[in-house]
1. Could you please find all residues in region 1-29 being assigned to a helix (DSSP H, G or I) and under 18 Å from the mean Cα position of the chain (by Cα)?
2. Among the residues of region 195-210, are any exposed (fewer than 14 other Cβ atoms within 10 Å of the Cβ), without any contact (Cβ under 8 Å) to a residue 24 or more places away in the chain, out of contact with any Cys (no Cβ under 9 Å at 6 or more places or on another chain) and among the basic types (K, R)?
3. For E222, indicate whether it is out of contact with any helix residue (DSSP H, G or I) (no Cβ under 7 Å at 6 or more places or on another chain), among the charged types (D, E, K, R) and either farther than 30 Å from Y100 by Cα or exposed (fewer than 15 other Cβ atoms within 10 Å of the Cβ) (or both).
4. Considering region 1-27 alone, what residues qualify as being in contact with a Lys or Arg (Cβ under 8 Å, 6 or more places away or on another chain) and of a type in the set (G, A, S)?
5. So if I check each of G206, G168, which one is within 17 Å of the chain's Cα centre (by Cα) and closer than 25 Å to Q98 by Cβ?
6. Scan the helices (runs of 4 or more DSSP H) fully inside region 68-184 and keep the ones with 2 or more residues being without any contact (Cβ under 8 Å) to a residue 24 or more places away in the chain, surrounded by fewer than 17 Cβ atoms within 10 Å (Cβ to Cβ) and out of contact with any Gly (no Cβ under 9 Å at 6 or more places or on another chain).
7. Quick one: which residue in D73, D30 is more than 23 Å from A204 (Cα to Cα), touching a Lys or Arg at 6+ places or on another chain (Cβ under 6 Å) and not aromatic (F, W, Y)?
Amino acid sequence: MTDTDFHALLDARFSCRGYLPDPVPRGTVDAILALAQRTPSWCNSQPWQIAVTGAAATNRLREALRQPEATEDTSHDIAPPQAYEGRFRDRRRECGYQLYDSVGIAHGDRAASAAQAAENFRFFGAPHFALVTTEAVLGTYGVLDCGAYVNNFMLAARSFGIASIAQGALAARSKFLRRWFALPPERLVLCGISFGYEDAAHPANGFRTTRAPLAEAARWIEE
């Protein structure tokens, strides 16, 4: 792969929020998982474990997430951000406004924005869902390694023409997901990844988030 190929792959990946119902062939999913498994990790610990749902199981989970057992028992295994402030708040708002504008939600329409947020728990209609967990005793380094895995999974998926979105929202259902997937106590729910074939006609797939200029993210120390 050349630098041009990698550039094109990065440009092609986006957070997909509208999917076709067609399932991805098992062989393609296995190939994506095999590529993501090449992710480097601290001391080669490879802390990630992934539970992947086929189309029928995804539909069962989608329905289960609507039930009181899931919606009334919210908690995180790993603490979410305490706050978004300054430029982090601005970037979050920009992304939110882009999404709302794309699907016709007026700023301040809390009912409509809540309905859009609930799409996370429908996996945006995706036929597949991957639950990403980490080993509790590996702490922050395990979480860091799993973050690299999530990125590589999404890039690998894109290389096969498969769209995806990483979903921190699912971590708010950690207790329920632990029960549904029969996770052992040492596994912590980190996030979910919904994936499948993108619905190019879905308005939520029509925008792309921006990136901060390099001067905001990196600095050189010459001496």
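Values in this text are rule-based calculations from the coordinates and carry no lab data. Small disclaimer: the values here were computed from a predicted structure and weren't measured. With ideal geometry, Cβ positions are generated from the backbone for all residues, glycine too; neighbour counts draw on all protein chains shown.
1. L9, L10, D11, A12, V29 - these are the residues of region 1-29 that are assigned to a helix (DSSP H, G or I) and under 18 Å from the mean Cα position of the chain (by Cα).
2. The answer is no; no qualifying residue exists.
3. Criteria met by E222.
4. A12
5. None of the other options fit; the residue is G168.
6. Fully inside region 68-184 and qualifying: 68-71, 86-103, 110-118, 139-159.
7. Checking each option against the conditions leaves just D73.
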